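Below is one structure, written out as C-alpha coordinates; the observations come after it.
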Amino acid sequence: MELKRSLNTFDSISVLFSSMVGSGIFFTSGYLIKETGNLWIVLFCWIIGGFLALSGSITYAYAARLLPFAGGDYVYLKVAYSPAIAFMSGWSSLLTNFSACVSVLALAFGKYVQILFPELPYFESPTYTFLGLDLQVSSTTLIGILPILFFSVLNYFGIKSAVRVQNVFAVLKITGLLLFLVLGFSIGSTHWGYLFDSPFPNVLELSFYSKVLIGIVPVSFSYLGWNMITYIAEEVKQPEKTIVRSAITACFLVAGLYFAINLLFVISAPIGELAGQDGIGAIAFQKLFGTNYSILTTSFIAWVILGSMSAILIGGSRVYFAMARDGVFLPSFSKVHPKWHSPYVSIFFQAFVAILFLFVKEIEALLYMITCSILILSCLTAATPFRFEKMGMKSDYKIPLYPLPIFLYIFANIAVMVILFVEKPITASWGLMITFIALPVYYLFRLDKKMVSKQST
(Lines give C-alpha, C1' and ligand atoms only; values in the text may rest on other atoms or scores of the structure.)
Protein backbone atom coordinates (compact mmCIF):
# COMPACT_ATOMS: atom_id res chain seq x y z
CA MET A 1 0.00 0.00 0.00
CA GLU A 2 1.44 3.39 -1.05
CA LEU A 3 0.80 6.93 0.10
CA LYS A 4 -1.69 8.84 -2.04
CA ARG A 5 -0.95 12.08 -3.93
CA SER A 6 -3.75 14.38 -2.77
CA LEU A 7 -2.22 17.78 -1.93
CA ASN A 8 -2.50 20.71 -4.33
CA THR A 9 -0.44 23.92 -4.35
CA PHE A 10 -2.64 25.70 -1.79
CA ASP A 11 -2.44 22.71 0.56
CA SER A 12 1.35 22.64 0.23
CA ILE A 13 1.73 26.36 0.89
CA SER A 14 -0.62 26.00 3.86
CA VAL A 15 1.51 23.26 5.44
CA LEU A 16 4.72 25.21 4.84
CA PHE A 17 3.30 28.47 6.17
CA SER A 18 1.88 26.88 9.29
CA SER A 19 5.05 24.94 10.06
CA MET A 20 7.19 28.07 9.68
CA VAL A 21 5.02 30.61 11.51
CA GLY A 22 4.95 29.43 15.11
CA SER A 23 5.22 30.97 18.53
CA GLY A 24 8.82 32.09 17.87
CA ILE A 25 7.70 35.29 16.15
CA PHE A 26 6.13 36.44 19.44
CA PHE A 27 9.25 35.81 21.56
CA THR A 28 12.48 35.81 19.54
CA SER A 29 12.96 39.54 19.01
CA GLY A 30 12.97 40.25 22.74
CA TYR A 31 16.06 38.08 23.10
CA LEU A 32 17.58 39.58 19.94
CA ILE A 33 17.21 43.10 21.31
CA LYS A 34 18.85 42.04 24.57
CA GLU A 35 21.79 40.34 22.83
CA THR A 36 22.46 42.94 20.11
CA GLY A 37 21.23 46.14 21.78
CA ASN A 38 20.36 47.56 18.37
CA LEU A 39 16.97 47.60 16.64
CA TRP A 40 18.47 47.91 13.15
CA ILE A 41 20.51 44.74 13.66
CA VAL A 42 17.36 42.96 14.85
CA LEU A 43 15.52 43.84 11.64
CA PHE A 44 18.59 42.92 9.58
CA CYS A 45 18.72 39.48 11.25
CA TRP A 46 15.13 38.79 10.21
CA ILE A 47 15.94 39.74 6.60
CA ILE A 48 19.02 37.49 6.58
CA GLY A 49 16.97 34.69 8.13
CA GLY A 50 14.48 34.98 5.28
CA PHE A 51 17.24 34.84 2.65
CA LEU A 52 18.72 31.76 4.28
CA ALA A 53 15.33 30.02 4.40
CA LEU A 54 14.78 30.87 0.73
CA SER A 55 18.28 29.67 -0.17
CA GLY A 56 17.64 26.40 1.62
CA SER A 57 14.23 25.89 0.06
CA ILE A 58 15.30 26.48 -3.56
CA THR A 59 18.32 24.22 -2.96
CA TYR A 60 16.28 21.41 -1.41
CA ALA A 61 13.77 21.77 -4.24
CA TYR A 62 16.37 20.34 -6.64
CA ALA A 63 16.54 17.09 -4.68
CA ALA A 64 12.77 17.05 -4.15
CA ARG A 65 12.18 17.30 -7.91
CA LEU A 66 14.49 14.37 -8.55
CA LEU A 67 13.19 12.27 -5.64
CA PRO A 68 9.57 13.27 -4.85
CA PHE A 69 9.13 10.71 -2.08
CA ALA A 70 8.25 10.81 1.61
CA GLY A 71 11.13 11.41 4.02
CA GLY A 72 12.88 14.62 2.93
CA ASP A 73 16.54 14.76 3.98
CA TYR A 74 16.56 11.04 4.72
CA VAL A 75 15.79 10.13 1.09
CA TYR A 76 18.23 12.65 -0.43
CA LEU A 77 21.13 11.70 1.86
CA LYS A 78 20.52 8.00 1.18
CA VAL A 79 20.81 8.41 -2.59
CA ALA A 80 23.56 11.03 -2.61
CA TYR A 81 25.84 9.59 0.09
CA SER A 82 24.91 6.41 1.94
CA PRO A 83 22.05 4.78 3.87
CA ALA A 84 24.06 5.16 7.09
CA ILE A 85 24.26 8.96 6.80
CA ALA A 86 20.57 9.05 5.89
CA PHE A 87 19.75 7.00 8.97
CA MET A 88 21.58 9.56 11.13
CA SER A 89 19.21 12.23 9.83
CA GLY A 90 16.12 10.13 10.46
CA TRP A 91 17.38 9.10 13.88
CA SER A 92 17.87 12.74 14.94
CA SER A 93 14.41 13.59 13.64
CA LEU A 94 12.87 10.75 15.62
CA LEU A 95 14.67 11.34 18.91
CA THR A 96 14.51 15.09 19.19
CA ASN A 97 14.03 17.22 16.10
CA PHE A 98 10.36 16.75 15.26
CA SER A 99 9.28 15.17 18.53
CA ALA A 100 10.94 17.78 20.74
CA CYS A 101 9.61 20.65 18.60
CA VAL A 102 6.08 19.28 19.00
CA SER A 103 6.63 18.98 22.75
CA VAL A 104 7.88 22.56 23.07
CA LEU A 105 4.80 23.81 21.22
CA ALA A 106 2.52 21.63 23.36
CA LEU A 107 4.05 23.01 26.57
CA ALA A 108 3.71 26.57 25.26
CA PHE A 109 0.06 25.86 24.45
CA GLY A 110 -0.47 24.53 27.98
CA LYS A 111 0.96 27.72 29.48
CA TYR A 112 -1.32 29.91 27.37
CA VAL A 113 -4.35 27.85 28.38
CA GLN A 114 -3.49 28.58 32.00
CA ILE A 115 -3.24 32.30 31.20
CA LEU A 116 -6.67 32.18 29.56
CA PHE A 117 -8.26 30.24 32.42
CA PRO A 118 -6.39 31.29 35.60
CA GLU A 119 -9.30 30.30 37.85
CA LEU A 120 -8.85 26.54 37.22
CA PRO A 121 -6.86 24.46 39.74
CA TYR A 122 -3.34 23.75 38.50
CA PHE A 123 -0.56 21.66 40.00
CA GLU A 124 3.16 21.06 39.66
CA SER A 125 4.99 18.01 41.01
CA PRO A 126 8.49 18.03 42.51
CA THR A 127 11.38 17.75 40.07
CA TYR A 128 12.99 14.33 39.59
CA THR A 129 16.39 13.82 37.99
CA PHE A 130 16.98 10.85 35.68
CA LEU A 131 20.24 10.41 33.74
CA GLY A 132 20.95 14.12 34.07
CA LEU A 133 17.50 15.23 32.88
CA ASP A 134 15.09 17.08 35.16
CA LEU A 135 11.63 15.50 34.91
CA GLN A 136 8.37 16.99 36.13
CA VAL A 137 4.63 16.37 35.87
CA SER A 138 2.39 19.43 35.86
CA SER A 139 -0.88 20.78 34.58
CA THR A 140 1.02 22.16 31.59
CA THR A 141 2.20 18.62 30.78
CA LEU A 142 -1.29 17.14 30.85
CA ILE A 143 -2.82 19.99 28.83
CA GLY A 144 -0.06 19.60 26.24
CA ILE A 145 -0.95 15.93 25.70
CA LEU A 146 -4.41 16.81 24.39
CA PRO A 147 -3.48 18.61 21.12
CA ILE A 148 -0.80 16.00 20.36
CA LEU A 149 -3.39 13.23 20.57
CA PHE A 150 -6.00 15.25 18.69
CA PHE A 151 -3.79 16.01 15.68
CA SER A 152 -2.35 12.49 15.64
CA VAL A 153 -5.84 10.98 15.48
CA LEU A 154 -6.70 13.48 12.75
CA ASN A 155 -3.60 12.38 10.80
CA TYR A 156 -4.70 8.76 11.20
CA PHE A 157 -7.73 9.53 8.99
CA GLY A 158 -5.51 10.59 6.09
CA ILE A 159 -3.42 13.57 5.13
CA LYS A 160 -6.29 15.19 3.23
CA SER A 161 -8.47 15.48 6.34
CA ALA A 162 -5.47 16.70 8.36
CA VAL A 163 -4.61 19.32 5.75
CA ARG A 164 -8.22 20.54 5.57
CA VAL A 165 -7.97 21.42 9.26
CA GLN A 166 -4.46 22.75 8.61
CA ASN A 167 -5.85 25.08 5.94
CA VAL A 168 -8.31 26.53 8.45
CA PHE A 169 -5.47 27.20 10.87
CA ALA A 170 -3.37 28.75 8.11
CA VAL A 171 -6.13 31.02 6.76
CA LEU A 172 -7.13 32.30 10.21
CA LYS A 173 -3.48 32.64 11.21
CA ILE A 174 -2.50 34.77 8.22
CA THR A 175 -5.75 36.75 8.47
CA GLY A 176 -5.04 37.52 12.13
CA LEU A 177 -1.45 38.53 11.47
CA LEU A 178 -2.40 40.75 8.54
CA LEU A 179 -5.15 42.34 10.64
CA PHE A 180 -2.61 42.96 13.41
CA LEU A 181 -0.33 44.69 10.90
CA VAL A 182 -3.04 46.81 9.29
CA LEU A 183 -4.50 47.96 12.59
CA GLY A 184 -1.09 48.38 14.20
CA PHE A 185 0.30 50.65 11.49
CA SER A 186 -2.98 52.55 10.97
CA ILE A 187 -4.51 53.12 14.41
CA GLY A 188 -1.92 51.69 16.82
CA SER A 189 0.13 53.89 19.12
CA THR A 190 3.35 53.75 17.08
CA HIS A 191 6.44 55.95 17.47
CA TRP A 192 9.06 55.78 14.72
CA GLY A 193 11.40 57.64 17.01
CA TYR A 194 11.97 54.42 18.97
CA LEU A 195 13.64 52.94 15.87
CA PHE A 196 15.60 56.04 14.85
CA ASP A 197 16.86 56.57 18.39
CA SER A 198 18.79 53.34 17.90
CA PRO A 199 22.14 54.14 16.21
CA PHE A 200 22.61 52.78 12.71
CA PRO A 201 25.33 50.08 12.94
CA ASN A 202 28.72 50.44 11.30
CA VAL A 203 28.96 47.56 8.82
CA LEU A 204 32.75 47.94 8.72
CA GLU A 205 33.12 46.93 12.36
CA LEU A 206 33.71 43.30 13.30
CA SER A 207 31.27 43.62 16.22
CA PHE A 208 28.43 44.15 13.73
CA TYR A 209 28.97 40.74 12.13
CA SER A 210 29.43 38.96 15.46
CA LYS A 211 26.10 40.38 16.66
CA VAL A 212 24.40 39.34 13.43
CA LEU A 213 25.71 35.77 13.82
CA ILE A 214 24.47 35.67 17.41
CA GLY A 215 21.09 36.93 16.24
CA ILE A 216 20.81 34.41 13.40
CA VAL A 217 20.74 31.50 15.87
CA PRO A 218 17.31 32.26 17.44
CA VAL A 219 15.97 33.63 14.14
CA SER A 220 16.78 30.32 12.44
CA PHE A 221 14.52 28.58 14.96
CA SER A 222 11.64 30.86 13.96
CA TYR A 223 12.14 30.04 10.27
CA LEU A 224 12.30 26.27 10.84
CA GLY A 225 9.79 24.42 8.72
CA TRP A 226 10.72 25.86 5.32
CA ASN A 227 11.60 22.31 4.15
CA MET A 228 8.42 20.66 5.44
CA ILE A 229 7.12 20.10 1.91
CA THR A 230 10.03 17.72 1.21
CA TYR A 231 8.84 15.33 3.93
CA ILE A 232 5.40 14.95 2.37
CA ALA A 233 6.50 15.17 -1.29
CA GLU A 234 5.09 11.71 -2.00
CA GLU A 235 1.59 13.02 -1.25
CA VAL A 236 1.83 16.16 -3.41
CA LYS A 237 0.08 16.36 -6.78
CA GLN A 238 2.35 17.24 -9.73
CA PRO A 239 5.44 17.45 -7.47
CA GLU A 240 7.65 18.66 -10.33
CA LYS A 241 5.70 21.94 -10.31
CA THR A 242 4.06 22.16 -6.91
CA ILE A 243 7.12 21.67 -4.67
CA VAL A 244 9.19 24.54 -6.08
CA ARG A 245 6.22 26.87 -6.45
CA SER A 246 4.93 26.32 -2.91
CA ALA A 247 8.39 26.49 -1.29
CA ILE A 248 9.32 29.83 -2.88
CA THR A 249 5.87 31.33 -2.30
CA ALA A 250 5.80 30.32 1.37
CA CYS A 251 9.32 31.65 2.04
CA PHE A 252 8.59 35.05 0.49
CA LEU A 253 5.27 35.23 2.30
CA VAL A 254 6.73 34.37 5.71
CA ALA A 255 9.86 36.53 5.31
CA GLY A 256 7.79 39.58 4.37
CA LEU A 257 5.35 38.93 7.20
CA TYR A 258 8.13 38.46 9.76
CA PHE A 259 9.87 41.69 8.76
CA ALA A 260 6.65 43.72 8.88
CA ILE A 261 5.66 42.29 12.28
CA ASN A 262 9.07 42.99 13.78
CA LEU A 263 9.07 46.50 12.35
CA LEU A 264 5.78 47.05 14.17
CA PHE A 265 7.26 45.58 17.34
CA VAL A 266 10.24 47.96 17.43
CA ILE A 267 8.11 51.08 16.95
CA SER A 268 5.60 50.08 19.61
CA ALA A 269 7.72 50.67 22.74
CA PRO A 270 11.15 51.94 23.87
CA ILE A 271 14.00 49.47 23.45
CA GLY A 272 14.39 49.13 27.22
CA GLU A 273 10.84 47.77 27.57
CA LEU A 274 11.29 45.22 24.77
CA ALA A 275 14.78 43.87 25.54
CA GLY A 276 14.80 40.38 26.99
CA GLN A 277 11.04 40.10 27.21
CA ASP A 278 9.63 36.60 26.83
CA GLY A 279 6.45 37.84 25.20
CA ILE A 280 7.44 40.81 23.05
CA GLY A 281 4.33 40.21 20.93
CA ALA A 282 1.98 40.60 23.90
CA ILE A 283 3.86 43.70 25.11
CA ALA A 284 3.73 45.28 21.66
CA PHE A 285 0.00 44.52 21.40
CA GLN A 286 -0.68 46.20 24.75
CA LYS A 287 1.40 49.25 23.81
CA LEU A 288 -0.32 49.56 20.44
CA PHE A 289 -3.93 48.98 21.46
CA GLY A 290 -4.09 49.08 25.26
CA THR A 291 -4.56 46.32 27.82
CA ASN A 292 -8.22 45.53 27.06
CA TYR A 293 -7.35 43.03 24.34
CA SER A 294 -4.95 40.76 26.24
CA ILE A 295 -7.35 37.79 26.12
CA LEU A 296 -7.68 38.17 22.34
CA THR A 297 -3.89 38.30 21.96
CA THR A 298 -3.32 35.24 24.14
CA SER A 299 -6.00 33.25 22.29
CA PHE A 300 -4.50 34.11 18.92
CA ILE A 301 -0.98 33.08 19.97
CA ALA A 302 -2.39 29.76 21.24
CA TRP A 303 -4.06 29.30 17.84
CA VAL A 304 -0.76 29.96 16.04
CA ILE A 305 0.96 27.37 18.24
CA LEU A 306 -1.66 24.73 17.39
CA GLY A 307 -1.28 25.37 13.68
CA SER A 308 2.48 24.83 13.86
CA MET A 309 2.09 21.66 15.90
CA SER A 310 -0.33 20.22 13.36
CA ALA A 311 2.04 20.83 10.43
CA ILE A 312 5.07 19.33 12.19
CA LEU A 313 3.15 16.19 13.16
CA ILE A 314 2.15 15.72 9.52
CA GLY A 315 5.72 15.93 8.21
CA GLY A 316 7.67 14.14 10.92
CA SER A 317 5.87 10.81 10.75
CA ARG A 318 6.79 10.43 7.07
CA VAL A 319 10.50 10.23 7.93
CA TYR A 320 10.09 7.12 10.08
CA PHE A 321 7.78 5.61 7.46
CA ALA A 322 10.48 6.06 4.80
CA MET A 323 13.15 4.53 7.06
CA ALA A 324 11.01 1.47 7.79
CA ARG A 325 10.15 1.05 4.12
CA ASP A 326 13.89 0.85 3.41
CA GLY A 327 14.30 -1.87 6.02
CA VAL A 328 16.43 0.17 8.46
CA PHE A 329 13.72 0.66 11.06
CA LEU A 330 10.98 -1.43 12.65
CA PRO A 331 8.94 -2.98 9.78
CA SER A 332 5.58 -2.03 11.32
CA PHE A 333 6.42 1.66 10.78
CA SER A 334 6.06 1.19 7.03
CA LYS A 335 2.41 0.14 7.32
CA VAL A 336 -0.12 2.29 5.44
CA HIS A 337 -3.79 2.22 6.42
CA PRO A 338 -5.75 0.42 3.66
CA LYS A 339 -8.60 2.95 3.74
CA TRP A 340 -7.08 6.24 4.89
CA HIS A 341 -3.66 5.86 3.22
CA SER A 342 -1.87 7.12 6.33
CA PRO A 343 1.36 5.78 7.94
CA TYR A 344 -0.60 5.26 11.13
CA VAL A 345 2.03 3.35 13.14
CA SER A 346 4.61 6.10 12.54
CA ILE A 347 2.02 8.75 13.42
CA PHE A 348 1.15 7.28 16.80
CA PHE A 349 4.73 6.39 17.70
CA GLN A 350 5.74 10.00 17.01
CA ALA A 351 2.93 11.13 19.31
CA PHE A 352 4.20 8.73 22.01
CA VAL A 353 7.77 10.11 21.83
CA ALA A 354 6.50 13.71 21.86
CA ILE A 355 4.39 13.00 24.95
CA LEU A 356 7.43 11.49 26.71
CA PHE A 357 9.38 14.69 26.06
CA LEU A 358 6.62 16.69 27.74
CA PHE A 359 7.90 15.41 31.08
CA VAL A 360 11.35 16.97 30.56
CA LYS A 361 11.39 20.18 32.58
CA GLU A 362 13.93 22.11 30.48
CA ILE A 363 13.01 20.83 27.05
CA GLU A 364 14.58 23.84 25.31
CA ALA A 365 17.98 22.32 26.14
CA LEU A 366 17.09 19.32 23.96
CA LEU A 367 16.63 21.58 20.95
CA TYR A 368 20.09 23.07 21.44
CA MET A 369 21.50 19.56 21.79
CA ILE A 370 20.43 18.48 18.33
CA THR A 371 20.72 21.79 16.47
CA CYS A 372 24.41 21.39 15.69
CA SER A 373 24.06 17.87 14.33
CA ILE A 374 20.99 18.80 12.31
CA LEU A 375 22.90 21.70 10.76
CA ILE A 376 25.76 19.37 9.76
CA LEU A 377 23.32 17.04 8.03
CA SER A 378 21.56 20.04 6.45
CA CYS A 379 24.88 21.11 4.94
CA LEU A 380 25.26 17.66 3.42
CA THR A 381 21.71 17.82 2.07
CA ALA A 382 22.30 21.27 0.59
CA ALA A 383 25.32 19.91 -1.27
CA THR A 384 23.33 17.05 -2.85
CA PRO A 385 22.84 18.90 -6.19
CA PHE A 386 26.61 18.62 -6.72
CA ARG A 387 26.49 14.93 -5.87
CA PHE A 388 23.48 14.25 -8.08
CA GLU A 389 25.05 15.97 -11.08
CA LYS A 390 28.24 13.96 -10.55
CA MET A 391 26.12 10.80 -10.46
CA GLY A 392 24.45 11.78 -13.75
CA MET A 393 21.11 12.64 -12.11
CA LYS A 394 20.05 15.96 -13.62
CA SER A 395 16.80 17.83 -13.15
CA ASP A 396 15.03 20.22 -15.48
CA TYR A 397 14.80 22.56 -12.48
CA LYS A 398 17.60 25.11 -12.35
CA ILE A 399 18.53 26.63 -8.99
CA PRO A 400 18.41 30.44 -9.34
CA LEU A 401 21.90 32.04 -9.20
CA TYR A 402 23.43 28.55 -8.96
CA PRO A 403 25.61 27.73 -7.01
CA LEU A 404 25.42 30.87 -4.82
CA PRO A 405 22.35 29.79 -2.74
CA ILE A 406 24.03 26.48 -1.90
CA PHE A 407 27.25 28.12 -0.70
CA LEU A 408 25.31 30.80 1.18
CA TYR A 409 23.21 28.25 3.04
CA ILE A 410 26.18 26.02 3.91
CA PHE A 411 28.29 28.96 5.09
CA ALA A 412 25.48 30.25 7.31
CA ASN A 413 24.98 26.80 8.87
CA ILE A 414 28.70 26.50 9.64
CA ALA A 415 28.69 29.96 11.22
CA VAL A 416 25.70 29.06 13.40
CA MET A 417 27.40 25.81 14.44
CA VAL A 418 30.49 27.74 15.54
CA ILE A 419 28.33 30.08 17.62
CA LEU A 420 26.53 27.12 19.19
CA PHE A 421 29.77 25.43 20.19
CA VAL A 422 31.03 28.69 21.69
CA GLU A 423 27.80 29.56 23.51
CA LYS A 424 26.47 26.05 24.31
CA PRO A 425 29.48 23.68 24.14
CA ILE A 426 28.05 20.96 26.39
CA THR A 427 24.60 20.73 24.81
CA ALA A 428 26.05 20.97 21.28
CA SER A 429 28.47 18.13 22.06
CA TRP A 430 25.63 16.02 23.44
CA GLY A 431 23.74 16.63 20.22
CA LEU A 432 26.62 15.33 18.14
CA MET A 433 26.91 12.29 20.37
CA ILE A 434 23.19 11.49 20.00
CA THR A 435 23.52 11.73 16.24
CA PHE A 436 26.58 9.48 16.00
CA ILE A 437 24.89 6.87 18.21
CA ALA A 438 22.72 6.36 15.12
CA LEU A 439 25.57 4.54 13.36
CA PRO A 440 25.75 1.47 15.64
CA VAL A 441 21.94 1.38 15.77
CA TYR A 442 21.83 1.43 11.98
CA TYR A 443 24.27 -1.45 11.64
CA LEU A 444 22.34 -3.43 14.26
CA PHE A 445 19.21 -3.08 12.10
CA ARG A 446 21.18 -4.14 9.03
CA LEU A 447 22.66 -7.13 10.87
CA ASP A 448 19.24 -8.19 12.12
CA LYS A 449 17.82 -7.90 8.61
CA LYS A 450 20.59 -10.08 7.20
CA MET A 451 20.07 -12.71 9.91
CA VAL A 452 16.32 -12.81 9.20
CA SER A 453 17.02 -13.11 5.49
CA LYS A 454 19.40 -16.05 6.03
CA GLN A 455 16.91 -17.83 8.28
CA SER A 456 14.15 -17.47 5.69
CA THR A 457 16.33 -19.04 3.02
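The values are calculated or read from the model by the stated rules, or taken from the named source; none is laboratory data. Since the model is a prediction, treat every value here as computed from it, not as a measurement. Note that each Cβ is placed from the backbone with ideal geometry, even for glycine, and that neighbours are counted across all protein chains shown. What goes into the accessible areas is simple: the full protein's heavy atoms, side chains included, and nothing from ligands, DNA or RNA. Shrake-Rupley method; radii C 1.70, N 1.55, O 1.52, S 1.80 Å.
With one equal scatterer per alpha carbon and no solvent term, the Debye-computed log10 I(q)/I(0) for the chain at 0.10, 0.13, 0.14 1/Å reads -0.72, -1.25, -1.46. Have a look at ALA70, GLY22, SER89 and report the one farthest towards the positive end of the charge dipole of the range 1-104, computed about the Cα centre with Cβ charges (Lys/Arg +1, Asp/Glu -1). Value computed over the given set: ALA70.
When MET20, MET417 are compared by accessible area at a 1.4 angstrom probe, the order from most to least is MET417, MET20.
Here r is the Cβ-Cβ distance between PHE411 and PHE123 and R0 is 35 Å; the resulting FRET efficiency, rounded to 0.05, is 0.15. Taking the Cα centre of each part, how many Å lie between the range 45-64 and the range 307-325? Spelled out, the Cα-based centre of one part sits 21 Å from the other. In the chain, taking the dipole from charged Cβ atoms about the Cα centre, the farthest positive-side position among THR59, MET393, ILE301 is held by MET393.
Backbone N atoms of the range 375-410 closer than 18 Å to the 7 Å Cα→Cβ label point of TYR209 belong to residues 407-410. Helix 239-266 and the long axis of the chain differ in direction by around 20°, with both axes built from C-alpha atoms. In degrees from 0 to 90, rounded to the nearest 10, what is the angle of the helix 280-289 Cα long axis to the longest principal axis of the chain? The answer is roughly 40 degrees.
How high is the relative contact order of the range 198-352, in percent, with contacts defined as C-alpha pairs under 8 Å that are six or more residues apart? Provide the component values of the computation, followed by the final result.
Values: 92 pairs, mean separation 23.1, N = 155.
Worked out over the range 198-352, it gives 15 percent.
Net charge near GLY71: determine it from the other residues with C-beta under 11 Å of the C-beta of GLY71, scoring Lys and Arg +1 and Asp and Glu -1.
Numbers: positive: LYS78, ARG318, ARG325; negative: ASP73, GLU234, ASP326.
The answer is 0.
Between the amide H of VAL236 and those of SER6, LEU7, distances stay under 5 Å, these residues lying 5 or more places away or on another chain, with hydrogens modeled in the peptide plane.
Given 0.36 nm per residue, what is the gain on full extension from ILE145 to LEU330 after removing their alpha carbon distance, in nm? Intermediate results must be reported in sequence, preceding the final value.
Working: separation 185, 0.36 × 185 = 66.60 nm, distance 2.48 nm.
Gain in length upon complete extension: 64.1 nm.
Kindly express, to the nearest 10 degrees and within the range 0 to 90, the angle between helix 364-382's C-alpha long axis and the longest C-alpha principal axis of the chain. The angle comes out near 60 degrees. How many angstrom separate the Cα center of the range 66-109 from the Cα center of the range 157-203? With the range 66-109 and the range 157-203 each reduced to a Cα centre, they are spaced 28 Å.
Counting only protein heavy atoms and using a 1.4 Å probe, the accessible area of LEU313 comes to about 0 Å².
Farthest toward the positive end of the dipole of the range 84-232, out of PRO199, PHE117, SER103, is the Cα of SER103, where the dipole comes from beta carbon charges about the Cα centre.
Solvent-accessible area of ASP396, all protein chains in place: 120 Å² (probe radius 1.4 Å, heavy atoms, ligands and nucleic acids excluded).
Taking all protein chains together and rolling a 1.4 Å probe, GLU119 ends up with roughly 130 Å² accessible. Net charge dipole, the chain: roughly 1540 debye, given to the nearest 20, about the Cα centre with Cβ charges of +1 for Lys and Arg and -1 for Asp and Glu.
Rounded to 0.05, the FRET efficiency of the LYS398 and GLN238 pair, given R0 = 25 Å and the Cβ-Cβ distance, is 0.85.
When only the Cβ of Lys, Arg, Asp and Glu is charged (+1, +1, -1, -1), the dipole of the range 1-145 relative to its Cα centre reaches about 400 debye.
Let me check I've understood the local charge: for PRO270, count other residues with C-beta under 11 angstrom from its C-beta, Lys and Arg +1, Asp and Glu -1. What total comes out?
Values: positive: LYS287; negative: ASP197, GLU273.
Combined, the nearby Lys, Arg, Asp and Glu give -1.
For ASP134, the amide hydrogen comes within under 5 Å of the amide hydrogens of LYS361, GLU362, counting only partners 5 or more places away or on other chains and with H modelled in the peptide plane. Using all pairs of distinct alpha-carbon atoms, the Kirkwood hydrodynamic radius of the range 1-95 works out to 16.3 angstrom.
Applying 1/(1 + (r/R0)^6) with R0 = 30 Å to the Cβ-Cβ distance of ARG245 and SER189 gives a FRET efficiency near 0.15. Relative protection proxy for 165-173, 379-387, from highest mean packing down: 379-387, 165-173 (other beta-carbon atoms within 10 angstrom). Relative to the current alpha-carbon distance between ARG446 and LEU178, full extension at 0.36 nm per residue lengthens the span by 91.4 nm. Each Lys and Arg contributes +1 and each Asp and Glu -1, all at the Cβ; summed about the Cα centre of the range 268-350, the dipole is approximately 420 debye.
Evaluating 6.51 cos²θ - 1.76 cosθ + 1.60 at θ = phi - 60° for every residue in the range 194-205, the Karplus couplings come out as 4, 6, 6, 6, 7, x, 6, x, 8, 6, 8, 8 Hz, glycine and proline recorded as x. Packing-based ranking of 348-356, 222-230 yields 222-230, 348-356, ordered from highest to lowest mean Cβ neighbour count within 10 Å.
Considering Cα pairs under 8 angstrom that are at least six residues apart, work out the relative contact order of the chain and quote it in whole percent.
Details: 735 pairs, mean separation 159.9, N = 457.
Relative contact order, the chain: 35 percent.
The coefficient of translational diffusion for the range 108-162, derived via Stokes-Einstein from the alpha carbon Kirkwood radius under 37 °C and 0.692 mPa s, stands at 248 µm²/s.
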